[in-house]
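Notes follow the structure.
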Amino acid sequence: MTATISTTESPAGKILAHLQRHGEAAVKELEDVLEVSTTAVREHLTHLQAKELVATRLVRRGPGRPHLVYFLTPKAQSQFPKQYDTLVNMLLREIAGQEGPERLQVILDAVGARLFWRRRGAVRLPLPGRRSGTRRHLRDGAPHGRAAPRRNDRP
């Protein structure tokens, strides 16, 4: 994030962090988060809009006037760290620790098969082990519902 909003201690940083976690927010909600007046929140939002970090849209919630909500722009979203590799590694270790390495391999094989068939145009595969025969279909490389030829059935 830029130097002016790098800390979540600043009001602007708190607004951006809140919008990242919750997707969008109205001025009233941001007042509660910052514990400041409506005018102060609007001032911070105006500065964030000028930096193209926040945008608005109208939302209808029942009868009456629509409410203005604020959300992060792609420019602001790109400034937040994304550590997907850390998350993936932690998930893999947790699954292996709780379910065992064999179950982890079954899950990874199923994900690999899903990715393969997605690229080939197939739509969905069941989760591993949920229906009888699923593992055989995944192992043989065919999505659920399609008969995969067995290796010994080939001429």
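Throughout, read-outs are computed from the coordinates displayed, never taken from laboratory work. Predicted model only: the values in this text are computed from it and were never measured. No Cβ is skipped: glycine too gets one built from the backbone with ideal geometry, and neighbour counts run over all protein chains shown.
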So what are the radius of gyration and Dmax for the Cα set of the range 11-78, in Å?
-> 11.5, 36
Among T38, H67, I15 the positive-end extreme of the charge dipole of the range 1-83 (Cβ point charges) = H67
